[in-house]
Amino acid sequence: MLMELLQDHGLLLAGVLLAGFASGYAGGLFGIGGGIVTVPALYAVFQTLGIADGPSLKTAIGTSLGVIIVTSIRSLSTHHGAGQVDFSILKSWAPWIAIGAVVGGLVAKWVPVELLTAVFAGGAFYIAWRRLFSKNKGHATAKRKSLMHMKVPVGVGTGLFSALMGFGGGALGVIFMTMAGRSMHQAIGTSAGFGVAVAVPGITGFILSGWGLEGLPPLSMGYVNLPAFVAMAVMAAISAPLGARLAHRVDGAILSKLFGGYVLLAAVSLIIDVFIA
């Protein structure tokens, strides 16, 4: 049976394992949880298995949130060891991020696949533009302080938006923290922790909102596919510390541009999959 499975789906399994490794590495390097890799990859795999657009994307996002838990914990531990995690911000924002993530997971059942794609791609394009073209010059100290005090709207919005996109919270967290005057390295290190605050309640919402539905990928628990989660999580656990260590050796300005380019490519890939392919 195992041999038949490998013969029928060996390439898909290899793709899932590779995507898991890449997501963990990217999650450690950029502090984003790796969802920008796992969502398009899983969506493509489920499409290949003949799953409809809606269940494919929603299960890709839900499964991605599960992988992000593993990636974020491994990444956060490595960044903490390098002294690049601001736990005061993490503790202050995490409860509000979690609230937003729960809402995002629960409403995912009623959100059309095209809207989810638009949310994912729109957020990714904005993030890429900020990293690639924004000069990030001269934010006043007062503005930086006021932004850090906006933990309720920023935290809830980050959790909601990130859960719907399957990002993990780090992508938006990096932007807000750099706007608030933190270095790119500290923004990435701290934002790695946002992934846990998004993913744990977010995955609960995706499981509940997809529970009992038909037409999901095989061996799914709600909008979370268990085989894909296990395969990706193992690879992400291996690669996340490697990416985090590299982040500490790369100049902040270069790291920012790499981050923007990475997000841009992922957004374009998903748009092609949903609207063109």
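When segment 24-57 is filtered for residues that are part of a loop (DSSP other than H, G, I, E, B) and under 13 Å from the mean Cα position of the chain (by Cα), the ones remaining, listed by number, are GLY31, ILE32, GLY33, GLY34.
Among the residues of segment 81-114, those identified as outside any helix (DSSP H, G or I), more than 19 Å from GLY210 (Cβ to Cβ) and of a type in the set (A, V, I, L, M, F, W, C) are ALA82, VAL85. Scanning for something closer than 22 Å to VAL70 by Cβ and either crowded, with 18+ Cβ neighbours inside 10 Å or at pLDDT 85 or above (or both), does segment 251-259 turn up at least one residue? Within segment 251-259, one or more residues are closer than 22 Å to VAL70 by Cβ and either crowded, with 18+ Cβ neighbours inside 10 Å or at pLDDT 85 or above (or both).
Can you find a residue in segment 206-219 that is closer than 19 Å to PRO40 by Cα and within 15 Å of the chain's Cα centre (by Cα)? Yes - at least one qualifying residue is present in segment 206-219.
Looking at segment 85-113, which of the residues that are touching a helix residue (DSSP H, G or I) at 6+ places or on another chain (Cβ under 7 Å) and of a type in the set (D, E, K, R) is nearest to ALA187 (Cα to Cα)? Selected residue: ASP86.
Counting the residues of segment 38-56 that are in contact with a Ser or Thr (Cβ under 7 Å, 6 or more places away or on another chain) and crowded, with 24+ Cβ neighbours inside 10 Å gives 6. In the set GLY62, GLY33, GLY15, only one residue is modelled with pLDDT under 85, touching a Phe, Trp or Tyr at 6+ places or on another chain (Cβ under 9 Å) and closer than 28 Å to VAL111 by Cβ; that residue is GLY33.
Count of segment 202-226 residues, restricted to those that are at pLDDT below 90, surrounded by fewer than 23 Cβ atoms within 10 Å (Cβ to Cβ) and under 19 Å from SER72 (Cβ atoms), is 1. Figure legend. Inter-residue proximity from segment 92-106: first residues farther than 26 Å from THR59 by Cβ, second residues surrounded by fewer than 20 Cβ atoms within 10 Å (Cβ to Cβ), beta-carbon distance below 8 Å, spacing 6+ or different chains. Indicated pairs: SER92/LYS151; TRP93/LYS151; TRP96/LYS151; TRP96/VAL152.
Among residues of segment 232-243 that are β-branched (Val, Ile, Thr), those with a Cβ under 8 angstrom from a residue that is surrounded by fewer than 24 Cβ atoms within 10 Å (Cβ to Cβ), sequence gap 6+ or separate chain, pair up as ILE238/PHE21.
The values are calculated or read from the model by the stated rules, or taken from the named source; none is laboratory data. Only a predicted model underlies this, so the values are computations on that prediction, with no experimental measurement involved. A quick note on method: Cβ atoms are made from the backbone with ideal geometry, for glycine too, and the neighbour counts reach across all protein chains shown.
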